[in-house]
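Read through the structure below, which is laid out as structure tokens, and then see the notes.
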Amino acid sequence: MTGAELKEKIAAYSKEIGIDKIGFASTDPFLTLKDRLIEQQRLQYHSGFEEPDIEKRTEPERLLPEAKTIISIALAYPSKMENEPKSRKGDRRGMFCRASWGVDYHNVLKDRLQKLEDYIQEIAPEARNQSMVDTGELSDRAVAERAGIGWSGKNCAIITPEFGSYVYLGEMITTLSLEPDKEITDQCGTCNKCVDACPTGALVQGGQLDAGKCIAYLTLTKGSLPERFRKKIGNRLYGCDTCQTVCPENKGMDHHQHEEFEPDPEVVKPSLEPLLTISNREFKNTFGPIAGSWRGKKPIQRNAVLALGTYKAEEALDSLVHVLHRDPRPVIRGSAAWSLGQIGTKEAVEALYEAEQHESEEDVQEEIASAKAPHAVP
């Protein structure tokens, strides 16, 4: 079978198993990416979640000797949900970003890639393959861009003509020699809406992200959130969609091809107050299947505590006081102190003064002092 015939068969089979878009790229070193990664490290713009070995990220043959082709795949996910619950006084809601709706996309893409691998082994038994999704060494975006899946937008997402940037990406390195597809010309032009809309200024310029300022990254951290970012996070529990929702290329994009990605409204837009005291078992049962749970419940709880403060949710006062006095984790107690300071009622301030009397953790004491400073002594 010729390379052209193999490529045609692989592309046709990908559609049968629910892959929305497939592209083929060479395994040449990603030299432009390498320069960019070196610069990102120099500026300390990286998040720390990336593969630290830049050579592995940019030289595919280090991962699979004799590799000839990288197959890039994309699966579209929805941007709108039915029966979305409203956040209102008395029932304030948090939000998981769209990329965390439905079943964890890592598992779905791995399933599709495994099926594709199995098929390739059937039609080309001599092939050696290696697949990866998101947490692999290669840059999903760089591969997808080279494979013609889409162009790399100023919002640092791959933008496809068919689905906008609402796509999950994965790739397979193979020893099969298949003709590469052509890259798509950059379509962003002079548009700078994503850069201008970024709540924290994390998009330094089009295509350059300071990950340490990105809300999507900040929602994942487990420590105390810097005060300058707390209100900017708003009610986000995991991730951020701002740079996608403002993108003109995403206007009208809402694709529901995959049942696995359909959101449960009560899971992806949950009531905030119950999250403050949710047990490990309840958290795992409710949020375990979605991608937004991978860092555990602590960041989600911290973000929920801060969101209630941003909302000035007086109805959650008792729950926040309970957290301030009883939660064993200093980060959560300190966050509750900040939120009570934002609420600022007499009862909230009294709770801060009371907690001050028995709090032994220095960082929490500082949070309490800062929270009660703007308020008169009760």
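Membrane-span-like helices in the chain (whole DSSP H runs, Cα extent of at least 24 Å along the helix axis, mean Kyte-Doolittle hydropathy of at least -1.0): 105-123. Ranked by the mean number of other Cβ atoms within 10 Å of their residues, highest first, the peptides 91-100, 346-355, 4-13 fall in the order 91-100, 346-355, 4-13. Based on the Kirkwood approach, the hydrodynamic radius assigned to the stretch 132-171 is 10.1 Å, with every pair of different Cα atoms included.
Using only Cα coordinates, the Kirkwood hydrodynamic radius of the chain works out to 22.5 Å.
Summing charges over all other residues whose Cβ lies under 15 Å from the Cβ of Ser370, with Lys and Arg as +1 and Asp and Glu as -1, gives -3.
Taking each DSSP H run with n ≥ 4 as -39500 (n - 2.57) and averaging over every residue of the chain yields -11500 deg cm²/dmol at 222 nm. Relative to one another, the C-alpha centroids of the stretch 333-365 and the stretch 199-231 are positioned 25 Å apart. Kirkwood radius, the stretch 193-372, all distinct C-alpha pairs, inverse of mean reciprocal distance: 17.5 Å. Among the listed pairs Lys9/Lys269; Lys182/Lys213; Lys21/Lys298; Lys89/Lys154; Lys86/Lys222, a Cα-Cα separation exceeding 32 Å is found for Lys9/Lys269; Lys182/Lys213; Lys21/Lys298; Lys89/Lys154. Considering the stretch 271-343 at the alpha-carbon level, its Rg and Dmax are found to be 11.8, 35 Å. Put a plus charge on the Cβ of each Lys and Arg, a minus charge on the Cβ of each Asp and Glu, and nothing anywhere else: the dipole of the stretch 224-378 about its Cα centre is then about 320 debye.
Where a number appears in this text, it was derived from the coordinates with a stated rule and is not lab data. Everything numeric in this text was worked out from a predicted model, so none of it was measured. Reconstructed Cβ throughout: ideal geometry from the backbone, glycine too, with neighbour counts over all protein chains shown.
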